[in-house]
Structure formats: structure tokens, C-alpha cells
Amino acid sequence: MPRLNSIADLERRRSELLADHAADQPCVTICSGTGCHALRSDKVNQAVVDELQRQGLDGRVDILRTGCHGFCERGTIVTILPLG
Ligand code: FES
């Protein structure tokens, strides 16, 4: 990704990302903060990727690695959007 040097660059990049993403596409978020990473969030991520592929849904569901949600002791935190 090219370096963003101005607000105009940032707005252009935002428009590009929004154009590439369907607003109604489901998304699985997987916390990758320090606590969840220590609890092997990488394995959870791989399991989600594998299951989406197995069900033929890869490319139809976004997977987003996030930062800490503040519930580290309950990790790995996973949410499914828009279901919450
Ligand atoms: S690191 Fe995942 S909730 Fe804090």
C-alpha cells in the first residue's frame, strides 16, 4: 500500500476500500490483541478460514482481525456481524 501523505490520500484510500466492500457482506471479527493472541487466536482464525472454505463461503464472508475488546479473560473473542 502506498504511503498516505495527506487527508486527500486518506479519503481516496477510504473510497477505494469502500468500493471493494459490499456493506451487507457478513463479517467475522477475531480478536488478535495480546490476551487473545496468547490464547491462540491464530488457531481460531485458521479454523474459521477452513470452515468457510469447506462450506464454499470463502470470499463471501469477510474475516477481520481486531485489537483488544477489553474481555481478554474470555478470549478468544469472536463476533459475527451483522448478528453481533
Ligand atoms: S486481547 Fe482479545 S479481548 Fe483483549
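Here, each number is a calculation from the coordinates, and none is a lab measurement. What you see is a predicted model; the values in this text were computed from it and never measured. When we count neighbours, we look across all protein chains shown, and the Cβ atoms used for this are built from the backbone with ideal geometry, even at glycine.
Return P(r) of segment 23-81 (all Cα-Cα pairs; 5 Å bins starting at 0; whole %; ordered from short to long distances).
4, 22, 28, 22, 14, 8, 1
Using mean Cβ contacts within 10 Å as the protection proxy, how do 9-22, 36-49 order, highest first?
Values: 9-22: 10.3, 36-49: 15.7.
Those peptides, ordered most packed to least, come out 36-49, 9-22.
Restricting attention to the chain, give the cysteines that have no other cysteine Cβ less than 4.7 angstrom from their Cβ.
C27, C68, C72
What is the helix-to-structure angle for 41-54, meaning the angle in degrees between its Cα long axis and the longest Cα principal axis of the chain, kept from 0 to 90 and rounded to the nearest 10?
Helix 41-54 sits roughly 80 degrees off the main axis of the chain.
Using alpha carbons only, how many degrees (0 to 90, rounded to 10) separate the axis of helix 7-19 from the longest principal axis of the chain?
That works out to roughly 60 degrees.
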